[in-house]
Amino acid sequence: MSLLVTTWIKFLFLFAPFFVVSMFLSLTRNDSRIERRSIANRAVFAAFCICLLLFFFGSPMFDALGITLDSFRIGAGILLFLSAVSLVRDGVRVNADVPDEQRDDIAVVPLAIPTIVGPATIGAILVYGAELQGLALVLGIAGMMLALGCLLGLLHVAGALERLLGRTGLNILSKVTGLILAAMASQIVLTGIHGFLRANGT
């Protein structure tokens, strides 16, 4: 149960929910409530399918490319750290205007990819998927689903959140999320370095 809760919290911050909410509000500014709900549902479903694929794709990819898990931990952790620094430094500065002829695609691009599942998130999911085995993998997927469910709930009440917190409030929460992501990234890198040194007998 502790693994489920831990994984849920990790993924919840990994998806940077308040940044996603801000991006979602900007992209759907002129849409009705029903249209917003439909876009949110499709975006989170697409993100779930992508994450599920990545969960099972990590180990075979590492084996095929001859990459150790510890090496990938270091690379993915650095990428996640850079993403966290960008989130802390820049916050939410979104001015997302999508041409009318591309409106049908925004649920997948850019909402599912790269807003919810960006490059840093992909790297972290590959690492977690390769680390977890057996029952732990099932609990990891369940934790990811819970995090996506929470994200979906936030997207459904995005308008109310904006009225309650304002852009400044969302920006502050995004920066706090960035700080937590930086700590998570540091842990992933340190774990990778420790495992690499131990494997080489250092």
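The set of residues in segment 103-117 being closer than 21 Å to Ala76 by Cα and either modelled with pLDDT under 90 or not small (Gly, Ala, Ser) (or both) consists of Ile113, Pro114, Thr115, Ile116, Val117. Checked against (1) out of contact with any helix residue (DSSP H, G or I) (no Cβ under 9 Å at 6 or more places or on another chain); (2) modelled with pLDDT of 90 or more, Glu162 meets all criteria but (1).
Selection of segment 1-27 for residues being among the β-branched types (Val, Ile, Thr) and surrounded by fewer than 20 Cβ atoms within 10 Å (Cβ to Cβ) yields Val5, Thr6, Ile9. If you take the residues in segment 61-82 that are of a type outside the set (Gly, Ala, Ser) and under 17 Å from the mean Cα position of the chain (by Cα), which one is surrounded by the fewest Cβ atoms within 10 Å (Cβ to Cβ)? Per the criteria, the residue is Leu82. Within segment 60-74, which residues are free of Cβ contacts under 8 Å to residues at least 24 places away in the same chain and part of a helix (DSSP H, G or I)? Residues satisfying the conditions are Pro60, Asp63, Ala64, Leu65. Of the residues making up segment 48-60, none is buried (at least 21 other Cβ atoms within 10 Å of the Cβ), closer than 18 Å to Gly178 by Cα and of a type outside the set (Asp, Glu).
The values are calculated or read from the model by the stated rules, or taken from the named source; none is laboratory data. All values reported here derive from a predicted model rather than from experimental measurement. Ideal geometry is used to build each Cβ from the backbone, glycine not excepted, and the neighbour counts take in all protein chains shown.
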